[in-house]
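Beneath this line is the structure, given in structure tokens, with notes to follow.
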Amino acid sequence: MRLFGFALLLSGWGIVLTALALLSAEAPRIAFVLAGVGVEILGLVLVIRAHPIRRGAHQ
């Protein structure tokens, strides 16, 4: 799941950068950038959930 989360983070960046480079109209550009940011947030949530916090490890 951690690897899938990192792949989503990279995919989100790819969507955002591609939208900024290829789209000239403002409305589709904003929609694709928001979709890319959503994919990045989903990836970040998966990465965070894949790293459980160990309780009592620093005692």
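Key figures for this structure:
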read-out: Some residue of region 28-38 being of a type in the set (Phe, Trp, Tyr) and within 8 Å of the chain's Cα centre (by Cα); value: no
read-out: Residue match in region 3-22 (condition: in contact (Cβ under 8 Å) with a residue 40 or more places away in the chain and hydrophobic (A, V, I, L, M, F, W, C)); value: yes
read-out: Criterion (surrounded by 12 or more Cβ atoms within 10 Å (Cβ to Cβ) and among the small types (Gly, Ala, Ser)) met by exactly one of Ala25, Ala31, Ala21; value: Ala31
read-out: Output for region 16-34, where each listed residue is touching a helix residue (DSSP H, G or I) at 6+ places or on another chain (Cβ under 6 Å) and in a helix (DSSP H, G or I); value: Val16, Ala19, Arg29, Phe32, Val33
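Read the figures in this text as sums done on the coordinates, not as results from a lab. Worth saying up front: this structure is predicted, and the values here are computed from it rather than measured. For neighbour counting, all protein chains shown are included, and Cβ atoms are generated from backbone atoms with ideal geometry for every residue, glycine included.
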